[in-house]
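Report on the following structure.
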Amino acid sequence: MSTESIIHLEGIEKSYFMGNQAIPVLKGINLDIFKNEYVALMGPSGSGKSTLMNILGCLDSPTGGKYILNGKDVSKMLDDDLAEVRNTEIGFVFQQFNLLPRLSAAENVALPLIYAGVSKKERIERALEALDKVGLADRSHHKSNELSGGQIQRVAIARALVNNPSILLADEPTGNLDSKTSVEVMQIFGKLQAAGNTVVLVTHEEDIAAYAHRVVRLRDGLVESDTTKP
């Protein structure tokens, strides 16, 4: 693991407003995540973990504090700039797989590259390479209704990888899977981290968090504990 910080959070605050009333959700989060780390974010409902994930993924901006992602201060960026950062720096894996049913596995994986302006030939090459990393090269022409739940989630992971992002951000990635398939999907994240990817996992399940090497627990909008496995 590197000592190079990919994510640096300093005093991150987030409030939502109902009329004139500010409701604080994050109350000053300080956190560094380093290159090639495998981190699980945990916390009970209402702890702020989903809000923190949205900020980490540049889906939302903090109301206070500083967020440096891979050397860029993204905390004050405008929406268009944030969208660019999302497309290049972050690979998302969601609980809902969000695949387009009419497209093949390879076409689904190649979608982010269309927005990046990559040529069709290179898109397909990179999509097949990403599918190979998740063990699905032989299913590249299959549509999602021809794949199992675990295979669909692996396609979604390949799509997250295809832009070579700085971090993989997985939000409850096994939430819709049975326990056997969950183990298979978590083993893939382990292999990707071993190959040099930085993985940040948001989960409420202890057995899923146990795959990570470091567990950060939130409570009431603050970091309650930060534990790294020996």
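No value in this document is a laboratory result; all are computed from the given coordinates. This is a predicted model, so every value here is computed, not measured. Cβ atoms come from the backbone with ideal geometry, glycine included; neighbour counts cover every protein chain shown.
Give the shape of the chain as rounded, prolate or oblate, defined through the alpha-carbon gyration tensor: a ≥ b ≥ c are the square roots of its eigenvalues, a/c under 1.5 means rounded, and otherwise the shape is prolate if a/b is larger than b/c and oblate if not.
prolate
Charges only on Cβ, +1 for Lys and Arg, -1 for Asp and Glu: so what's the dipole of the chain about the Cα centre, in debye to the nearest 20? List each step's numbers first, then the result.
Details: 24 positive and 29 negative charges, 66 e Å.
The dipole of the chain has a size of about 320 debye.
So how do Arg154, Arg126 line up by other beta-carbon neighbours within 10 Å, fewest first?
Details: Arg154 25, Arg126 21.
So the ranking, lowest neighbour count to highest, is Arg126, Arg154.
Full-extension gain between Arg102 and Glu84, please, as 0.36 nm times their residue separation minus the C-alpha to C-alpha distance.
Full-extension gain reported as 3.8 nm.
Does the range 23-69 come out rounded, prolate or oblate by the C-alpha gyration tensor, with a ≥ b ≥ c the root eigenvalues, rounded set by a/c under 1.5 and, if not, prolate when a/b is larger than b/c and oblate if not?
Cα axes put the range 23-69 in the oblate bin.
Restricting to the chain, what percent of DSSP beta bridges are antiparallel, rounded to 5?
60 percent
Which aspartates and glutamates does Lys35 reach when only Cα atoms under 14 Å apart count, and residues fewer than 8 places away in its own chain are ignored?
Those aspartates and glutamates meeting the cut-off are Glu4, Glu89.
7 Å from Cα along Cα→Cβ at both Asp220 and Asn164: what's the point-to-point distance in nm?
That separation, rounded to one decimal, is 4.6 nm.
Given Cβ point charges of +1 (Lys, Arg) and -1 (Asp, Glu) and nothing else, what value in debye, to the nearest 20, does the dipole of the range 93-144 about its Cα centre take?
Working: 8 positive and 6 negative charges, 34 e Å.
So the magnitude is around 160 debye.
Between the helical axis of 105-115 and the dominant principal axis of the chain, each derived from Cα atoms, what acute angle in degrees is found, rounded to the nearest 10?
In the chain, helix 105-115 runs at an angle near 50 degrees to the longest axis.
Give the cross-link partners of Lys133 among the aspartates and glutamates, using a straight C-alpha distance below 13 Å as the criterion and excluding same-chain residues fewer than 8 apart.
Glu125
Past 29 Å, Cα to Cα: identify those pairs from Lys49/Lys229; Lys180/Lys229; Lys27/Lys229; Lys27/Lys76; Lys14/Lys191, in the order given.
As for pairs spanning more than 29 Å Cα to Cα, those are Lys14/Lys191.
Taking +1 at the Cβ of each Lys and Arg and -1 at the Cβ of each Asp and Glu, which of Asn20, Ile152, Ser182 sits farthest along the dipole of the chain towards its positive end, judged by Cα position relative to the Cα centre?
Towards the positive end, the residue furthest out is Ile152.
Specify which residue in the list Val118, Val93, Gly48 is farthest towards the positive end of the charge dipole of the range 31-151, using unit charges on the beta carbon of Lys, Arg (+1) and Asp, Glu (-1), about the Cα centre.
Value computed over the given set: Val93.
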